[in-house]
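The values are calculated or read from the model by the stated rules, or taken from the named source; none is laboratory data. Just so it is clear, the structure is predicted and the values come from calculations on it, not from any experiment. Neighbour counts run over all protein chains shown; Cβ positions are idealised from the backbone, glycine included. With ligands, DNA and RNA removed, areas are computed over all heavy atoms of the protein, side chains included. Shrake-Rupley method; radii C 1.70, N 1.55, O 1.52, S 1.80 Å.
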Amino acid sequence: CPMGQAMTNIGTCKRETKNGFEQEIHRYQAQNCQGCPLRSLCHKSKYDRIIERNHNLIRLKAQAKTLLKSEQGIAKRKQRCWDV
């Protein structure tokens, strides 16, 4: 959380996208948001903050970013201007 509070894992769930792809979502909850000075900036829930993370999606996005920033990726992006 923004205040540095550790968030505990409260479970995982599987969701299916519109295309039929199954995703595994991990849910984390803050331990105590009562009296936090950043609460109004952090979330609007009556209860403690809960965030959801798809670790596989985060990994794939990081992998795509490194490929796009590589020398070969930059060359391909420059070439695309001429191909289109």
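Near Cys33, once Lys and Arg are set to +1 and Asp and Glu to -1 for all other residues with Cβ below 15 Å from its Cβ, the sum equals +3. The share of accessible area on the chain that comes from carbon and sulfur is 53 percent, using a 1.4 angstrom probe. Packing around the peptides 25-34, 12-21, taken as the average count of other Cβ atoms within 10 Å per residue, puts them in this order, highest first: 25-34, 12-21.
Dipole magnitude for the chain: computed about the Cα centre from +1 point charges on Lys and Arg Cβ and -1 point charges on Asp and Glu Cβ, it is near 260 debye. Pairs of Lys residues in the chain, spaced 8 or more positions apart or belonging to different chains, with C-alpha separations under 20 angstrom: 7 in total. Taking square-rooted eigenvalues a ≥ b ≥ c of the alpha carbon gyration tensor, is segment 27-68 rounded, prolate or oblate, where a/c under 1.5 means rounded and, failing that, a/b exceeding b/c means prolate? Prolate. Which of the following values of Cα Rg over 2.2 N^0.38 Å was calculated from the structure shown: (i) 1.61; (ii) 1.38; (iii) 1.27? Checking each listed value against the structure points to (i). The value of relative contact order for the chain, using C-alpha pairs under 8 Å at least six residues apart, is 22 percent. Only helices enter this figure: runs of n ≥ 4 DSSP H residues, each worth -39500 (n - 2.57), summed and divided by the residues of the chain, yield -11500 deg cm²/dmol at 222 nm to the nearest 500. As a calculated quantity, the FRET efficiency between Arg27 and Lys69 at R0 = 25 Å, using C-beta atoms, amounts to about 0.20. When the chain is described by a simple charge dipole with +1 on each Lys and Arg Cβ and -1 on each Asp and Glu Cβ, the residue from Thr17, Ser40, Ala30 located farthest towards its positive end is Ser40.
Average accessible surface for the chain: 87 Å² per residue, computed with a 1.4 Å probe over protein heavy atoms with every protein chain in place.
From the protein chains alone at 1.4 Å, what is the descending order of accessible area for Glu52, Glu22, largest first? List each step's numbers first, then the result.
Working: Glu52 75, Glu22 110 Å².
Output order, biggest surface exposure first: Glu22, Glu52.
Projected label points at Lys14 and Ala62, each 7 Å from Cα along the beta carbon direction, are separated by 2.5 nanometres.
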